[in-house]
Amino acid sequence: MCGIIAYIGPKNAYDILIEGLRRLEYRGYDSAGIALLNGDMNVYKKKGKVQELVDYTRDKNVNGHLGMGHTRWATHGRPDDVNAHPHYSGSGRLAIIHNGIIENYATLKEVLSRLGHTFTSETDTEVLVHLIEEIQNRENLSLGDAVRKALTKVIGAYAIVVMDRENPDLIVGARKSSPLVVGIGEKEFFLASDASPIIEHTNKVIYLEDEQVVELSLKDGIELTTISNEIQKPVIHELEMSLDQLEKGGFAHFMLKEIFQQPQTISDCMRGRLNAVEGWARLGGLEEHANKIINANRIIIAACGTSWHSALIGEYLIEDLARIPVEVEYASEFRYRNPILGPQDIVIVISQSGETADTLAAAELAREKGALVYGIVNVVGSSIARLTDGGSYIHCGPEIGVASTKAFTGQVTLLSLMAMVLGYRKGALSNTYYHQLIAELAQIPGKVEQVLSADGQIRELAQKFAGTNNALYLGRGYNFPVALEGALKLKEISYIHAEGYPAAEMKHGPIALIDENMPVIVIATNRSAYEKIASNIMEVKARKGIVIAIIDDRDQEIRKIADYCIEIPTTIEPLTPLLSVIPLQLLSYHIAVLRSCDVDQPRNLAKSVTVE
Ligand code: G6P
């Protein structure tokens, strides 16, 4: 949520900032802005996407070897040119960009107003830069000291970068609860919200920790401290990401690329963790904690959005295969409802980005209460990955489309492995079933490939339903969370109202909505409840609803009663979500394209939600 990029070095900062903003745009796209230092401090900002900013700056002076850029997802203040970042201090000497929320901004604003400060925007960010300047002037401090001091007065979350017109060889960055990464190049430095804009320049990075302040100067190098000015030793990491992972690679959208990458990303997630020939499954990160998890009171899985849907599948998997009680929580609810939690509990947090504020806070709360916290995360080195006691990466590579696809199947693959490993170790799984699960999981990438070959058929189906205003998704058992995910995908990117429901629960409400205009997507592959789901389809048909059924290749009955069918290969029930979700991803994608929606950057959303 909000993207930050800053540069100091011999090159022209503008090009680096604009390219960086394009890479970070998935984090927010309400407005974009840059500040450049070239004697003067020039700030240019514009409502809308980065391209608007590029058009606006075409005839402007964009020289300078030091600069910073911001792409915004609005919190305080509507998305317009004035509220866009960067923001100037009162005198115009300082400029700031910020990701996060300064919660006590109203109190600080009042104090500063009494001291004569006037503000041009409605943002919390502008208050912070005024505070920094007030302290800098009043106490005659260096920029670094003024930033440190100001941050001790701030409540809330921040990743900030500050520039000073009077100091053309310095950028100051700081973070708390919002990510910030330092890139170290050849006689040049970068600061960014994540590594994606840095990777084409250098693979050496430092992940800032909470309440750290970094000063980057070509003359003096890197100085890292806490906000209370204790010197810190920087730890330099090497990035493993490659540039082509950040490109569309010939696909029309990142989302489509990511859907089609799934045979590969699921294989990557299983690499070194599953061997069907030798018949074993293992998860390195789990080894040291497996006994504790097996003997835990219960497991709580906390997550948001699509990750919450994979958490639900995780509940089904772990209870079914490992016989350990599991509860699933929205991270935002869990953290504020005073949950009963102790050292006998295990908390699993699932997050693609590893930065979602509510999930991060849930993990922090769980640690405070003494529970073991296990992370299932995609982004290597992210805040959640660094906070947890242990965990497993899903190894899907960068996911850029705002609507999550390959991260979902990566999370479900990881949870399947986890449930199998725990179940086998606990003795809850028979040897035969364990080996059957291994053999079936190994075949999933090939079967996903088969589902993807139905893309043309799904595109044709999308043409029939692109004009609909509502849709209902129904599923039972393992396919119920898939129904929720299918509905979320449709509403996120095509703005069609869609609901996911357990198929049998339909009778208790949604059935009232069904008429001849209502498409009902039924995920109908469950062998354990086949007749029941066939009856649910009959109930929809009796009310003239249009049924699109996801069936497996053994199906005899449902294909006779549904209006349209999409066939997926058969697998064992616990692994079905890995296949049944794919047609739903494609259906939403094609409907959104047909409705001319911005698939990769849907309105009002952001990929990485770093505010509460
Ligand atoms: C946002 C994204 C979703 C994502 C959710 C949780 O809402 O748009 O795609 O599922 O955040 O994100 P996380 O990174 O924690 O999985």
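The values are calculated or read from the model by the stated rules, or taken from the named source; none is laboratory data. The structure presented is a predicted model; accordingly, all values stated were derived computationally and were not measured. Cβ coordinates were reconstructed from backbone atoms using ideal geometry, including for glycine residues, and neighbour counts include every protein chain displayed. The accessibility values were calculated without ligands, DNA or RNA, using every heavy atom of the protein model including side chains. Shrake-Rupley method; radii C 1.70, N 1.55, O 1.52, S 1.80 Å.
Quick notes on this one:
- The residues on offer are Tyr424, Tyr501, and the sole one that is within 30 Å of Lys292 (Cβ to Cβ), away from the ligand (no atom under 16 Å from the Cβ) and not in a loop (DSSP other than H, G, I, E, B) is Tyr424.
- Restricting Tyr330, Tyr336 to residues that are open to solvent by 10 Å² or more (accessible area, probe 1.4 Å), within 21 Å of Pro602 (Cβ to Cβ) and more than 9 Å from the ligand (Cβ to nearest atom) narrows the list to Tyr330.
- Here Ile514 does not fit the description of being in contact with a strand residue (DSSP E or B) (Cβ under 7 Å, 6 or more places away or on another chain), under 18 Å from Lys464 (Cα atoms) and modelled with pLDDT of 90 or more.
- Selection from the stretch 595-611 of residues that are in contact with a Ser or Thr (Cβ under 7 Å, 6 or more places away or on another chain) and under 16 Å from His76 (Cβ atoms): Val609, Thr610, Val611
- Residue within the stretch 437-451 that is among the hydrophobic types (A, V, I, L, M, F, W, C), outside any helix (DSSP H, G or I), surrounded by fewer than 22 Cβ atoms within 10 Å (Cβ to Cβ) and in contact with a Leu (Cβ under 9 Å, 6 or more places away or on another chain) present: no
- Helices (runs of 4 or more DSSP H) enclosed by the stretch 1-119 - at least 2 residues per element that are of a type in the set (Val, Ile, Thr), without any contact (Cβ under 8 Å) to a residue 60 or more places away in the chain and within 27 Å of Leu216 (Cβ to Cβ): 50-56
- Selected residue [assigned to a loop (DSSP other than H, G, I, E, B) and surrounded by 22 or more Cβ atoms within 10 Å (Cβ to Cβ)] from Pro168, Pro179: Pro179
- Restricting the search to strands (runs of 3 or more DSSP E) fully inside the stretch 505-612 and requiring at least 3 residues that are surrounded by fewer than 24 Cβ atoms within 10 Å (Cβ to Cβ) gives 546-552, 564-568.
- Note on the stretch 265-306: residues that are within 16 Å of the ligand (Cβ to nearest atom) and not aliphatic (A, V, I, L, M) total 5.
- Conditions (1) among the small types (Gly, Ala, Ser); (2) crowded, with 24+ Cβ neighbours inside 10 Å; (3) farther than 18 Å from Ile222 by Cα; number of the one not met by Ala157: (2)
Let's see how each residue does on (1) surrounded by fewer than 18 Cβ atoms within 10 Å (Cβ to Cβ); (2) modelled with pLDDT of 95 or more:
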position: Arg78; (1), (2): yes, no
position: Pro86; (1), (2): no, yes
position: Ser89; (1), (2): no, yes
position: Ile97; (1), (2): no, yes
position: Ile101; (1), (2): no, no
position: Glu110; (1), (2): yes, yes
position: Arg114; (1), (2): yes, yes
position: Thr118; (1), (2): yes, yes
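- Listed by first and then second residue, the pairs linking a residue in the stretch 291-314 that is within 16 Å of Gly375 (Cα to Cα) and free of Cβ contacts under 8 Å to residues at least 12 places away in the same chain to a residue that is among the β-branched types (Val, Ile, Thr) and within 10 Å of the ligand (Cβ to nearest atom), with Cβ atoms under 6 Å apart and 6 or more places separating them unless they lie on different chains, form an empty list.
- Here the stretch 370-401 is the region considered, the condition is being open to solvent by less than 10 Å² (accessible area, probe 1.4 Å) and β-branched (Val, Ile, Thr), and the residue that is modelled with the lowest pLDDT is Ile384.
- Looking across the stretch 388-403, just one residue is within 13 Å of the ligand (Cβ to nearest atom) and touching a His at 6+ places or on another chain (Cβ under 8 Å), and that is Gly401.
- Matching residues in the stretch 322-339 - criterion: being of a type outside the set (A, V, I, L, M, F, W, C) and either touching a residue at least 40 places away in the same chain (Cβ under 8 Å) or within 14 Å of Ile350 (Cβ to Cβ) (or both): Arg323, Glu327, Glu329, Tyr330, Ser332
- Among the residues examined, Ala419 qualifies as out of contact with any strand residue (DSSP E or B) (no Cβ under 7 Å at 6 or more places or on another chain), small (Gly, Ala, Ser) and crowded, with 17+ Cβ neighbours inside 10 Å.
- When restricted to residues that are in contact with a Leu (Cβ under 9 Å, 6 or more places away or on another chain) and open to solvent by less than 10 Å² (accessible area, probe 1.4 Å), the stretch 123-132 contains 6.
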